[in-house]
Amino acid sequence: MAGVNAKSQEPLLAFVHIQKTAGSTLKLVLQNSFCVQLCNLMPQVDPAANEEDLIFAKKIYRFGLRCISGHSLIGTSDHFETPLLRFTFLRDPIKRCLSHFLHNKRAARRGGRSLSFYEFMEDQTMWNVQTKMIAGREDLEHAKRELADYLFVGLTEKFDESLIALSKLSPHPLRLEYKRLHVTPNRDDRHEVLDDPEAYRLLHEANETDQQLYDHVCESVYPQLIESANLPVGSGPDEIGDLKHRTMRFWLSRWFHTGVYRQLVYRRRARQQRS
């Protein structure tokens, strides 16, 4: 009966946030749109969140949730009973992986360490990240089936068009204002990979499945979704606002997440570890 009750609930928007796909910028749009009705869902046990984590979040977000987001929404169909209107953004796999490497390299430098591309690639979790995030495992066909049930799949390379299309398909209005966040500096570091034939070969090998998934989305999924959104001719940057300052809605969303929800999740984890 629990499953029946869950399935009768109103669907919840769910942003499957894949690292280095302009997700932080999109999350800014969601924070301004939903304020304290947006939860960046944190799992009790990393890395994947589940229905129990969502039930816990709903108890805290007493104003009602309209959207959940996060890197923890891995293989969502396997972990949730609540009906979810899932959406995500994909990025050219080679560019995404390079950006991910440069991000980790900067973090290592701040900690007084070095990180080579070969060391980065030794971590198999960095291989075919987008497919694993969507399917929960490195399974191309399963990832394709999952995306077929998504509300929307955007492309980082067509961010503005994707954002407008998402707003047309969303059951809740979105505030289409943003500024770019977490843009990768020190792009010259890319030559560590691009000028090394073996590193370049490894880069492509590590993203072979992601490339097939990305090509599938570009050639089939994305055009169909753009058509479904019925975008007016000439849709583009003119419909997107330039966000000059962080809004009060953004700060309220951030405060509630970090100051209330996150702290209660930490307490929950501590209780579970003691029991």
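Values quoted throughout were computed directly from the atomic coordinates according to the rules given, and no laboratory measurement underlies them. This is a predicted model, so every value here is computed, not measured. Here the Cβ positions follow ideal geometry from the backbone for every residue, glycine too, while neighbour counts run over all protein chains shown.
Odds and ends about this structure:
- Hydrodynamic radius by Kirkwood, which averages 1/r over all alpha carbon pairs of region 1-114, in angstrom: 15.5 Å
- Distant-in-sequence amide H partners of Arg86 (H built 1.01 Å from N, under 5 Å): Ala14, Leu151
- Cross-link partners of Lys168 among lysines, defined as those whose alpha carbon lies under 21 angstrom from its own and excluding same-chain residues fewer than eight positions apart: Lys27, Lys158, Lys179.
- From most to least packed by mean Cβ count within 10 Å, the peptides 84-90, 129-135, 104-110 give 129-135, 84-90, 104-110.
- Model label sites at Ser116 and Glu198, defined 7 Å from Cα along the beta-carbon direction, differ in position by 0.8 nm.
- Computed from backbone phi, the HN-Hα couplings of region 161-167 come to 4, 5, 5, 5, 4, 4, 5 Hz, rounded to whole numbers (Karplus: 6.51 cos²θ - 1.76 cosθ + 1.60, θ = phi - 60°; Gly and Pro given as x).
- Relative contact order of the chain: 26 percent, from C-alpha pairs under 8 Å at least 6 residues apart in sequence.
- Within the chain, helix-based [θ] at 222 nm, where runs of 4 or more DSSP H residues each add -39,500 (n - 2.57), nearest 500: -13500 deg cm²/dmol
- Estimated FRET transfer efficiency (Ala148, Asp123; beta-carbon r; R0 30 Å; 0.05): 0.50
- Listed residues Arg137, Arg62, Arg262, most fluctuating in the chain (Gaussian network, C-alpha, under 10 Å): Arg62
- Put the Cα centre of region 63-78 next to the Cα centre of region 33-58 and the gap is 6 Å.
- In plain terms, the bigger the Kirkwood radius, the slower the diffusion; for the chain, with that radius from Cα pairs, at 37 °C and 0.692 mPa s, Stokes-Einstein puts D at 165 µm²/s.
- Applying 1/(1 + (r/R0)^6) with R0 = 30 Å to the Cβ-Cβ distance of Ala107 and Asp78 gives a FRET efficiency near 0.50.
- With θ taken as phi - 60° and the Karplus curve 6.51 cos²θ - 1.76 cosθ + 1.60 applied, the whole-hertz 3J(HN,Hα) list for region 121-132 is 6, 5, 7, 5, 5, 7, 8, 6, 4, 5, 5, 5 Hz, x standing for glycine and proline.
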